[in-house]
């Protein structure tokens, strides 16, 4: 079993829809990162969470430590949100990555 | 712009060759991390340096080595290259837990 598992693998939605990407992780992971990777390949760090909830613009990330589960939400999705979203767990000074969710927003 | 720079942006070389990838961290960041992203393996942690010392090691092959210099820039050396080493190589820097990623070096081994 992977330390970090994401779902769904692919997600296609219409512009304006509310998007949820899920991530579950194993014991020992102390913090969760959400990353965004655009088609050009560049990676942007969106959030780092060890508890609670964080919000930045239309993006919201939550984490439930008891359930070892995190979600990334995008409100009022836009075609420019199309990217691969990756969650990564922090343990022993290393990041372990999920396989990513490829999000496509159709105008 | 994350403040992390990587050179070169693209590198094309042949099997058996050796290459060096360079990373300059954000000003003040002491930690540098190297990652490999290949089509079949996804993103994988290779190695971390903190203030010149190796701090953590991941799935780094023996043919690969890295170092961090006194000015905190880091180099990843890949030798005896194989076709399977073709990938995107990212470095990231941090002061703590959060990381800032460089734009990556795309390595193609022919």
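The values are calculated or read from the model by the stated rules, or taken from the named source; none is laboratory data. Since this is a predicted model, take the numbers as computed values, not measurements. Cβ placement follows ideal geometry from the backbone for every residue including glycine, while neighbour counts extend to all protein chains displayed.
Quick one: how many residues across the range A:65-82 are assigned to a strand (DSSP E or B) and surrounded by fewer than 20 Cβ atoms within 10 Å (Cβ to Cβ)?
Here the count works out to 3.
Scan (1) modelled with pLDDT under 95; (2) under 22 Å from residue B:90 (Cβ atoms); (3) surrounded by fewer than 18 Cβ atoms within 10 Å (Cβ to Cβ) for the single condition residue A:102 breaks and write down its number.
Among (1) modelled with pLDDT under 95; (2) under 22 Å from residue B:90 (Cβ atoms); (3) surrounded by fewer than 18 Cβ atoms within 10 Å (Cβ to Cβ), residue A:102 violates only (1).
Restricting attention to the range A:43-66, report how many residues are over 20 Å from residue A:84 (Cα atoms), more than 11 Å from every other protein chain (Cβ to nearest Cβ) and touching a residue at least 12 places away in the same chain (Cβ under 8 Å).
2
Kindly evaluate residue B:76 against the criterion of being closer than 20 Å to residue B:17 by Cα, within 14 Å of chain A (Cβ to nearest Cβ) and in a strand (DSSP E or B).
Answer is no for this residue.
Only one of (1) touching a strand residue (DSSP E or B) at 6+ places or on another chain (Cβ under 9 Å); (2) within 14 Å of chain B (Cβ to nearest Cβ) fails for residue A:40. Which number is that?
That leaves (1) as the condition not met.
Scan the range B:79-104 residue by residue and report those that are surrounded by fewer than 16 Cβ atoms within 10 Å (Cβ to Cβ) and within 11 Å of another protein chain (Cβ to nearest Cβ).
B:96, B:97, B:98
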